[in-house]
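The values are calculated or read from the model by the stated rules, or taken from the named source; none is laboratory data. None of the values given here were measured: they were computed from a predicted structure. We place every Cβ from the backbone using ideal geometry, glycine too, and count neighbours over all the protein chains shown.
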Amino acid sequence: MTQPSNSFIEKFAVEVKYYHALMAEAFEGVINEGVSKYPVFIFHQQEVTVGLPIADRHNIVGNWSVNISTLEEFYIKGLVTIEQVEEIKLKIKGPAPQYCCLVLSEEKGNIIFLPR
């Protein structure tokens, strides 16, 4: 994964506020239904084949479509290494729990953590 630029992060931070309620509901659903303890959100503006769609940018206020996946799926599909899995687990369930988001833009992927 590449390091996102500050302007990219700032722009995404402004836009992501539209998605917090949706993210909270989907996150709890994945955990409560026993699918995974480690949900991961995929923000994208193109077609993706990972996860399940929960928001289509053509039908909502924001500029991003969102899929929900799991850390397990990311590992199985080779999107993260075993070392990254452990780091991500600590951030999702840690003392300051966070949402893990893969943001796909301009054919690059950035993992970003957002406060829950």
What residue, among those in the range 12-37 that are hydroxyl-bearing (Ser, Thr, Tyr) and out of contact with any Ser or Thr (no Cβ under 6 Å at 6 or more places or on another chain), is modelled with the highest pLDDT? TYR19
Yes/no for GLY94 being at positive phi and modelled with pLDDT under 95: no
